[in-house]
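Okay, structure first, notes after.
The values are calculated or read from the model by the stated rules, or taken from the named source; none is laboratory data. The structure presented is a predicted model; accordingly, all values stated were derived computationally and were not measured. Heads up, the Cβs are rebuilt from the backbone with ideal geometry, glycines too, and the neighbour counts pull from every protein chain shown.
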Amino acid sequence: MESSIVEAIREIRHEEADPASIAPIGGGSINACFRVSATSSELFVKVNHAERYPFMFEREIAGLDLLRAESSFLVPKPYGISYQGDHAVLVMECLAKGISSEATDQRFAAALAAMHLQTHSQFGLEDDNFIGSLPQWNDPMEGWTDFFISQRLDPMLEKAVDGGLMDKNDIALFERLYSSLEDHFHEEPPALLHGDLWAGNYMVAQGGQPALFDPAVYYGHRYMDLGMMQLFGGFHPHVFEGYHAHYPLDTNWREGAEVANLYPLLVHVNLFGSSYVQQVRSTLLRFT
C-alpha cells in the first residue's frame, strides 16, 4: 500500500513522499487513512479497494466541492484520485487541528444554519452517492416525505430484510409510520445537508475554523443533519441553541430528528449487524 500512496502522490501532486513519513490514522471502517509528508506539503490520503467501492472517491470529491462552494465551512481540498492496481487512492489537503471552545461551537452553529439555508428546487441530488460504504439514492423529488420513504428508508429496510436482520413485522411498523410522517417534519424548503454529520466528520481547524469532511451530501430536510448530531453525541447543547438563533427550529424538532435518525440507524444495521435493530424498533414503536 505504501508504494501505491507514493506513486499516487507523484502522479497527482508531482511531489515525492518518503514511505517512512506515511503515518496511519485510525477511526475509519471503510478506507485506510494516512497522513503523509510530501516534498512541499502535508497530505491526507485515503485508500480503498477500487473494485469493491467503484466511484466512491469520485462521489466524495463531488460532495466536498459542493460544500466548499456553497458553505462557509473549511472543507479539505481534494487533489485527485489515482488507481494503483487494486487500490483507489484519494489525495487531499491535510487540515491542521485547532482548539475547541464555546466560541468555535458558535461559529459551527452559525455556519451550519447558513449551509442549511442554501436551498434547491427539489429534494435529492443529480447524482447518487454513498453513505458509509452503502449506495445512497438521490432521485430528485418535490416532497420530502416521498423522498424520505423511497430514497432513504425503503432501500435500507429492504436490504436489512433481505439480509435476515429484520422481518415482516418491522415492515408493518414502517408502513404504519409512513402514514403519519408529515406530522413529524415541519414543512420547509430543501436544505443543503452534509448527510453524515456525526462528530467524527467535524473538527475545529487551526485558527478556530469549523471544518467538515466525509460528506454524503444532498438537499433534504435539515432534521437529518440535526438528528445525526444527537444520535451519537459529541455536540454541546449550546450548539443547538446557537443554531436556533440563526435558523429557528419548530417546537417539536427533536421528535422529527428522532424519526429522521431511522435512516442512519438502518444504515448501521446493514453495516454493523443486529446490535442496532432494537434501537430501530424502539423508535418505530414510539412513533406508531
Across the range 119-145, which residue is surrounded by the most Cβ atoms within 10 Å (Cβ to Cβ) among those that are acidic (Asp, Glu) and touching a strand residue (DSSP E or B) at 6+ places or on another chain (Cβ under 8 Å)? Asp128
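Quick one: would you say Asp146 is charged (D, E, K, R), out of contact with any helix residue (DSSP H, G or I) (no Cβ under 6 Å at 6 or more places or on another chain) and over 15 Å from Asn270 (Cα atoms)? Spell out the reasoning first.
On the way: charged (D, E, K, R): yes; out of contact with any helix residue (DSSP H, G or I) (no Cβ under 6 Å at 6 or more places or on another chain): yes; over 15 Å from Asn270 (Cα atoms): yes.
Yes: the conditions hold for Asp146.
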Checking the conditions here, which among Leu249, Leu193 is closer than 20 Å to Ile131 by Cβ, at pLDDT 95 or above and of a type in the set (A, V, I, L, M, F, W, C)? Leu193
Among the residues of the range 120-158 satisfying the criterion of being assigned to a helix (DSSP H, G or I) and β-branched (Val, Ile, Thr), which is nearest to Glu175 (Cα to Cα)? Ile149
How many residues are of a type in the set (Asp, Glu) and free of Cβ contacts under 8 Å to residues at least 40 places away in the same chain if we restrict to the range 189-222? 0
Breaking point among (1) farther than 19 Å from Lys97 by Cα; (2) not in a strand (DSSP E or B), for Asn48: (2)
Number of positions in the range 150-177 that are in contact with a helix residue (DSSP H, G or I) (Cβ under 7 Å, 6 or more places away or on another chain) and free of Cβ contacts under 8 Å to residues at least 40 places away in the same chain: 3
Which of (1) in contact with a Lys or Arg (Cβ under 8 Å, 6 or more places away or on another chain); (2) outside the structural domain of Gln206 (by TED's automatic domain parsing); (3) loosely packed, with under 15 Cβ neighbours inside 10 Å is the odd one out, the single condition Tyr83 does not satisfy? (1)
Scope the range 1-41; condition surrounded by 14 or more Cβ atoms within 10 Å (Cβ to Cβ), in contact (Cβ under 8 Å) with a residue 24 or more places away in the chain and hydroxyl-bearing (Ser, Thr, Tyr); matching residues: Ser4, Ser41
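Identify all residues within the range 245-260 that are β-branched (Val, Ile, Thr) and surrounded by fewer than 17 Cβ atoms within 10 Å (Cβ to Cβ); write none if there are none. If you could, list the steps in order and put the result at the bottom.
Going residue by residue through the range 245-260, those that are β-branched (Val, Ile, Thr) are 251, 259.
Selection gives Thr251 alone.
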Residue that is crowded, with 19+ Cβ neighbours inside 10 Å and either within 22 Å of His120 (Cα to Cα) or of a type in the set (Ser, Thr, Tyr) (or both), where the choices are Phe44, Phe73: Phe73
Which one of the conditions (1) more than 28 Å from Leu249 (Cα to Cα); (2) surrounded by 16 or more Cβ atoms within 10 Å (Cβ to Cβ); (3) not basic (Lys, Arg) does His116 fail to meet, given that it meets all the rest? (1)
Between a residue in the range 66-78 that is closer than 13 Å to Leu95 by Cβ and any residue that is crowded, with 19+ Cβ neighbours inside 10 Å and of a type in the set (D, E, K, R), which pairs come within a Cβ distance under 8 Å, given they are 6 or more apart or on different chains? Pro78/Glu60
